[in-house]
Every structure is written in structure tokens, then in C-alpha cells.
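**Student:** Here you go, one structure.
The values are calculated or read from the model by the stated rules, or taken from the named source; none is laboratory data. Predicted model only: the values in this text are computed from it and were never measured. Note: ideal-geometry Cβ built from the backbone for every residue, glycine included; neighbour counts use all protein chains shown. The accessibility values were calculated without ligands, DNA or RNA, using every heavy atom of the protein model including side chains. Shrake-Rupley method; radii C 1.70, N 1.55, O 1.52, S 1.80 Å.
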Amino acid sequence: MATTSTPTSRRALPFPVAMARPAALVERNLRAARHYWLTFVSGFFEPVFYLFAMGVGIGALVGSVEVAGREVPYAVFVAPAMMATSAMNGAVYDSTGNVFYKLKHSKLYRSVLSTPLRPWDIAVGEISWALLRGLIYSAAFLLVAAVAGFVPSWWALLAIPACTLIGLGFAAVGMAATTYMRSWNDMDYVQLAILPMFLFSATFYPLATYPPALQWVVQATPLYHGVDLVRALTMGDLHVGLLVHVAYLAAFSAFGLWATTRRIGKLLLT
């Protein structure tokens, strides 16, 4: 009697070969992005506008801010926070709205699973694409900030891999959350989650300005760890404590990837 195998029982492939399957999904998204390139590009400008509005405009009224025991111009304080936010926005926008459309309306993933790709490949492919978008935004933002004179240290180049980690975390968790959404109205929850983080993760004022009880809440958010990590790198303030931020964001990313793979498999293979 002939037997059939389910997608979940496919044999594991060696690492380089296995990554070719998610890469095929990234290539598909890249080709599709040519049709909405204006939307893609527009996502870069929001943090840039905030940088010049808050950093330059309000910065003229605020003056300087104390960071790691030294006074820096307010624009230098805000710029790394906007860079981390840029990585978050690029990853979240692509891993929520776009993924929801493919999951609920175009039924793209059901077609994908009729190929050799598995739920893991879909998760890694979509998260990699969202990560790539966040990486492009953050790299372009760093260039703009450097040209404007808001980046005081060459260690800022390490902020690009840091933003890659930020984007990975938010893309993975964003896609996992999207699998629970029932309609476009649920997208409001995404804004409800990222807007407070954007405003209160020590982006526009130092952590010390909060009451002690609220400082713990702020420090529990993933964007705070991203902002503090990128800020330290752009200012050349390297210390062992940065490893805590890296560990937090790595664990955040691993959880999101695990949850996304489980949810995609449950939704499409059962």
C-alpha cells in the first residue's frame, strides 16, 4: 500500500540547504515589494521626522541631557532611540499587516505548504523579510544621523547588528501575535502595544526621570533594552551591562520564533 507523509514529518536538511527554503520566501516578498515600494520607503521617514522635530526643535529648548555621567546635546540623546524605533517599526509593520493579509485573505501560506516548505520555513522566511526591512530602515537612519552630526562615536557601527537583533525580536513576536488576530480591527492592538513603548522606553527622556516604581515597568519592555543598547553604542559607552540587553533581546526573539512556528503549524496543518 502506498503511504503519504505529512509536511511535519519531512526529513531535516543540513543548515545551508535548509536555509534555501526560507530564502525562497524572502525572494518572493522582495519581488512583491516592487509593487508597493512607495509604502516600503515611507516607513523610513517617520523616525527621521521625529528626530528633527524633537531633537532639533525641542532640543533647542531642552539644551543638554546627562548620559553615563556626561552632558550631551538633546539631539544626540534622541537619535539612537529613533534608530532603535526605526528597526522596531520596520519589523512590526511587515510581520503584522502583511502577514495577516497572506494568512487570512490571500491564503498564500496554504499554497506555500503544498511545496517542500514547512511551517518553520514560513516563520523564518517571513521573519527574515521583516528583519531585512527593519535593518534597511535602521542603517539608512544611522547614515542620516551621522551626516547631521548626531553620532559622536565610530562604535555606532555596532548599532546596526544591535538593530538587527531588535528587528528580529519584534518581527518574531509580531508574527506570532498576528496568528491570533481575527479581523483587521485587531490591528489596533498592535498600535496599543508599540505606541506606549515608543513614547516611554527612555526614548525622549532619561530613565531617571520616572518614579522608581515605574522604572521597573519601563525596564521590562523590549524597546527599552534596544534603546539603551543602541544609545550606549552610538556614544561609545561600552560596558559589560550591555550583555544583559543582548541576552534579553535574544530570548525575546527565540520565544517569538518558537511561538510563530507552533501557531503556523497549528493553523495550517490541522
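**Student:** Report the convex hull volume per residue for segment 164-214, counting only C-alpha atoms, in Å³.
**Tutor:** On the way: hull volume 5.6 nm³, N = 51.
Spelled out: Cα convex hull of segment 164-214, divided by residues, is 109 Å³.
**Student:** If you build the convex hull over the alpha carbons only and average its shadow over all orientations, what do you get for segment 93-225? Give it in nm² to one decimal. Could the numbers behind the result be given before it?
**Tutor:** Numbers: hull surface 40.5 nm².
Taking the Cα atoms of segment 93-225, their convex hull projects to 10.1 nm² on average.
**Student:** Hey, another quick one. Along segment 221-236, what does the Karplus equation 6.51 cos²θ - 1.76 cosθ + 1.60 (θ = phi - 60°) give for ³J(HN,Hα), rounded to whole Hz, x for Gly and Pro?
**Tutor:** 7, x, 5, 4, 5, x, 5, 5, 5, 5, 5, 5, 5, 5, 9, x
**Student:** Now for a different question. May I ask you to derive the FRET efficiency for residue 32 and residue 239 from their Cβ-Cβ distance with R0 = 41 Å, giving the value to the nearest 0.05? The partial results should precede the final answer.
**Tutor:** Working: r = 43 Å, r/R0 = 1.04.
Computed FRET efficiency for residue 32 and residue 239 comes out at 0.45.
**Student:** Let me ask something else about it. For 187, 82, write out the residues from largest to smallest accessible area, computed with a 1.4 angstrom probe and no ligands counted. Intermediate results must be reported in sequence, preceding the final value.
**Tutor:** Working: 187 30, 82 0 Å².
I get 187, 82, largest accessible area first.
**Student:** Which entry is the computed Kirkwood radius over Cα pairs in Å for this structure: (i) 21.6; (ii) 19.5; (iii) 22.7?
**Tutor:** Of the listed options (i) 21.6; (ii) 19.5; (iii) 22.7, (ii) comes from this structure.
**Student:** Taking the alpha-carbon centroid of each part, what is the distance from segment 49-88 to segment 242-267 in angstrom?
**Tutor:** 29
**Student:** Return the FRET efficiency for the residue pair residue 154, residue 115: r is the Cβ-Cβ distance, R0 is 30 Å, and the value is rounded to the nearest 0.05. All intermediate terms of the calculation are to be shown ahead of the outcome.
**Tutor:** Details: r = 45 Å, r/R0 = 1.49.
Rounded to the nearest 0.05, the efficiency is 0.10.
**Student:** With label points built 7 Å along Cα→Cβ from the Cα atoms of residue 108 and residue 60, find their separation and express it in nm.
**Tutor:** 4.4
**Student:** What accessible area per residue comes out for the chain, rounded to a whole number of Å², with a 1.4 Å probe?
**Tutor:** On the way: 13510 Å² over 270 residues.
With all protein chains present, the chain gives 50 Å² per residue.
**Student:** If you don't mind, there's one more thing I want to ask. Sorting 110, 28 by accessible area (1.4 Å probe), largest first, what list results?
**Tutor:** Ranked from most to least accessible, the order is 110, 28.
**Student:** Still on this structure, please answer the following. Starting from 0.36 nm per residue, how many nanometres of slack lie between residue 195 and residue 210 once their C-alpha separation is accounted for? If you can, show how the numbers build up before the last one.
**Tutor:** Details: separation 15, 0.36 × 15 = 5.40 nm, distance 1.77 nm.
Residue separation times 0.36 nm, minus the Cα-Cα distance, leaves 3.6 nm.
**Student:** Computing the accessible area with a 1.4 Å probe over protein heavy atoms, can you report the carbon and sulfur percentage for the chain? Could the numbers behind the result be given before it?
**Tutor:** Details: 9470 of 13510 Å².
Using a 1.4 Å probe with all protein chains present, the chain comes out at 70 percent carbon and sulfur.
**Student:** Further, regarding this structure: Report the calculated FRET efficiency for residue 19 and residue 101 (r = Cβ-Cβ distance, R0 = 25 Å), to the nearest 0.05. Show your work: numbers first, answer last.
**Tutor:** Working: r = 25 Å, r/R0 = 1.01.
Step by step, r from the Cβ atoms, then E = 0.50.
**Student:** To the nearest 20 debye, what charge dipole does the chain have about its Cα centre, counting +1 at the Cβ of each Lys and Arg and -1 at the Cβ of each Asp and Glu? Let's see the in-between values first.
**Tutor:** Values: 18 positive and 11 negative charges, 285 e Å.
Its charge dipole is roughly 1360 debye.
**Student:** Let me ask something else about it. For residue 255 and residue 185, calculate 0.36 nm times their separation in residues minus their Cα-Cα distance, and state this gained length in nm to one decimal. Present the calculation step by step, with values, prior to reporting the outcome.
**Tutor:** Numbers: separation 70, 0.36 × 70 = 25.20 nm, distance 2.53 nm.
Contour length minus the Cα-Cα distance gives 22.7 nm.
**Student:** Of 25, 239, 249, which is farthest along the charge dipole of the chain in the positive direction, counting Lys and Arg as +1 and Asp and Glu as -1 at C-beta?
**Tutor:** The residue sitting farthest along the positive end of the dipole is 25.
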